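Every number here is computed from the coordinates shown, using simple stated rules; none is lab data. These numbers were taken from a predicted model, which means no experiment stands behind them. With ideal geometry, Cβ positions are generated from the backbone for all residues, glycine too; neighbour counts draw on all protein chains shown.
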Amino acid sequence: MGDLFVLAISCIFINNILLAQYLGNCPFLGTSKKMETAVGMGMAVIFVLVMAGSLTWIVNEYLLKALDVVYLQTVSFILVIASLVQFVEMFLKKSIPALYAGLGIFLPLITTNCAVMGVCLINIKEEYTFIEALVTSFAYAAGFALALILFAGIRERILLARVPKPLQDTSIGLITAGMIAMTFMSFKGMV
Amino acid sequence: MAQSIAKEFTKGLWAEIPPFRLVLGLCPTLAVTKSVENGIGMGIATTFVLVFSNLLISLLRNVIPSKVRIACYIVIIATFVTIVELLMQAYTYELFLKLGIFIPLIVVNCIVLGRAEAFAGKNTPILSVADGLGMGIGFTLALASLGTVREILGNGTLTIWGGTPIFEMGANFMPFKFMIEAPGAFIGLGLMLCMMNLIGKK
């Protein structure tokens, strides 16, 4: 139990998926201009990543390894993620319309979010057990949401500041992200 | 004809160079540019995938039904990514280990899917190959240039290929270690975007 907790903390802060592993940067810059969209995207990623992480682990263990076709990993993972996103979208639309209205537009974007695919691949590469894979999936997604929401808060303030013309928009966004990454680096000694 | 091929090829080199002008594919840009060698390797792998997936998608553009086109594109791209992965494992094993999970992640690189959707799905095979090649080479150049800045400042060396540095800073140079860590990647790319905006924004 203690090990799992340490694993979760290290995934959220020390190996933060956005700021230390460089994954999922397109939605990080794309959906962080407003707090509302950042929260929506963060929640959608948590929701899908936990499901995708556990599902791809099962596919890898009981399908690919059992049939000895591990080289099909890339193709099968992307198919699992794409169909999962589609399925979740249909399910939410039908049964939980309120949640669908909140997450709706962000769900299709998740298929090409490399954080989702990346975490699935990390889980396999590190040879985690099923429970560990579940914990890391949730923790990485929570770290993603945390960094995204922090970043959106700062970006809303930058809109009010006078930024030199060539630095505007993405450029100042990346530099700000660099500053946040620097603060996250200081978590390194924690575990 | 030759003129339009040249036009599609050269737009990827400057006017629409990813990731500076088209802000797509940031993850590999940030992650693999710790050294020039990694950047070039990643760029070549992406170029291969771009050229062949553009070719195949453009050949099949009249067969693929438009409602399921994204799924079809992804399967085609994933196939070529798997081929690259196996080729690199066989011939450039060290680079394969260094790039790690970023090779399978070419599947979800927005540049590849973006070109398939915006260009190859609507144009002839020859033009699509020119477009893919141009974009790929542009991407490689961008990775190499960011890699050069980060490697020289962060490590004091410059290695193009094969592991032996062709250039080393003097003994008095103190490397800025943070340039090869995550913050350096973000700040370096942010400043490069700023420079690109300063030089000839239309």
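Per-structure values
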{"quantity": "Per-residue average of Cβ from other chains inside 10 Å of B:103-116", "calculated": "4"}
{"quantity": "Cα-based shape type of region A:59-103, given that a ≥ b ≥ c are square roots of the gyration tensor eigenvalues and the cut on a/c is 1.5", "calculated": "prolate"}
{"quantity": "Likely footprinting exposure, B:C194, A:C114, fewest C-beta neighbours within 10 Å first", "calculated": "B:C194, A:C114"}
{"quantity": "Only Lys, Arg (+1) and Asp, Glu (-1) charged, at Cβ; the protein assembly as shown dipole about Cα centre in debye", "calculated": "1300 debye"}
{"quantity": "Ordering of B:68-79, A:58-69 by packing [mean C-beta count within 10 Å, highest first]", "calculated": "B:68-79, A:58-69"}
{"quantity": "Rough spin-label spacing in nm, given labels placed 7 Å along Cα→Cβ, for A:K165 and B:E16", "calculated": "2.5 nm"}
{"quantity": "Ranking of A:Y140, A:Y22 by count of other Cβ atoms within 10 Å, fewest first", "calculated": "A:Y22, A:Y140"}
{"quantity": "Anisotropy class of the protein assembly as shown from Cα gyration tensor, a/c 1.5 cut", "calculated": "rounded"}
{"quantity": "Within 10 Å of each Cβ in A:80-89, the average number of Cβ atoms from other chains", "calculated": "1"}
{"quantity": "Number of partner chain Cβ atoms within 10 Å, mean per residue of A:62-73", "calculated": "1"}
{"quantity": "Lysine pairs with alpha-carbon atoms under 25 Å apart, region B:2-195, spacing 8 or more or separate chains", "calculated": "6"}
{"quantity": "Net charge over other residues, Cβ less than 14 angstrom from the Cβ of A:L99 (K, R count +1; D, E count -1)", "calculated": "+1"}
{"quantity": "Rounded, prolate or oblate (a/c below 1.5 giving rounded, otherwise prolate when a/b exceeds b/c) for region A:1-122 by Cα gyration tensor", "calculated": "oblate"}
{"quantity": "Cβ-based exposure ranking for B:F176, A:F91, B:F139, in which fewest neighbours within 10 Å come first", "calculated": "A:F91, B:F176, B:F139"}
{"quantity": "Tilt relative to chain B, helix B:125-155 - C-alpha long axis, 0 to 90 degrees, to 10", "calculated": "10 degrees"}
{"quantity": "Ellipticity estimate at 222 nm from DSSP helix runs (n ≥ 4, -39,500 (n - 2.57)) divided over the protein assembly as shown, nearest 500", "calculated": "-21000 deg cm²/dmol"}
{"quantity": "Rounded to whole Hz, the Karplus (6.51, -1.76, 1.60) HN-Hα couplings of region A:144-161, x for glycine and proline", "calculated": "4, 4, 4, 5, 5, 6, 4, 5, 5, x, 5, 5, 5, 6, 4, 4, 7, 8"}
{"quantity": "Ranked packing of A:170-176, A:96-102, most packed first, by mean Cβ within 10 Å", "calculated": "A:170-176, A:96-102"}
